[in-house]
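Colleague: Provided herewith is a single structure, encoded as C-alpha cells, for subsequent inquiry.
The values are calculated or read from the model by the stated rules, or taken from the named source; none is laboratory data. For clarity, every value in this text was computed on a predicted model and none was experimentally measured. Glycine gets a Cβ as well: all are built from the backbone with ideal geometry, and neighbour counts include every protein chain shown.
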Amino acid sequence: MLNFILPILKNPLTRIVADKTIGAIQHKMEKNKIIRAKEIEAEKSVSIEQIKQQEHSIKDEILTIKISLIFLFLFLPFSQPTMEKGFEILRNAPQEFWWAILIVYSGSFGMSTLNKVRKKK
C-alpha cells in the first residue's frame, strides 16, 4: 500500500493541490478568528441608545397585548355586551381623546420602527 501512496505524494500536482487546500483552510480559520474577535468587541461596546431602546421595548409589548386583548374579547360571547357598551362610549369620545391615543401609539411604535429602519441603513 505504501508503494501506491509514495508516488502520489511526490507528484508536483498533488503538492500544489495540497498546498492550496491547506492554505484555504488556514485562511478560513484566520478569517473566522477575526470575525469572532470583532463580534466579541461589538458585544462589549453597548451604546447608550441601545440601552434606551430596551427601556421602551416593554411599552410596545404592553400596547400590543392591550390591542390583542380587545380583539380577543370582541369574539368571546360573555364579553360582547360589555364590548358593545364600551364602543358606544368611545363613539361619543371627543376628538382630542383620539388624538391622544394616536400620539401614544405612533410615538411608541413609530419611533421604535423609525430607529430600526435607521440602523439598517
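Colleague: Determine the pairs where a residue that is more than 22 Å from residue 64 (Cα to Cα), located within segment 89-104, has a partner that is among the aliphatic types (A, V, I, L, M) with Cβ atoms under 7 Å apart, the partner being 6 or more residues away or on another chain.
Modeller: If the second residue must be among the aliphatic types (A, V, I, L, M), no pairs are left.
Colleague: Listed residues 41, 30; which is modelled with pLDDT of 75 or more, surrounded by fewer than 10 Cβ atoms within 10 Å (Cβ to Cβ) and assigned to a helix (DSSP H, G or I)? Full working, then the answer.
Modeller: Values: 30 fails: surrounded by fewer than 10 Cβ atoms within 10 Å (Cβ to Cβ).
After ruling out the rest, the residue left standing is 41.
Colleague: Which number in (1) within 30 Å of residue 105 (Cβ to Cβ); (2) β-branched (Val, Ile, Thr); (3) modelled with pLDDT under 90 marks the one condition that residue 22 misses?
Modeller: (1)
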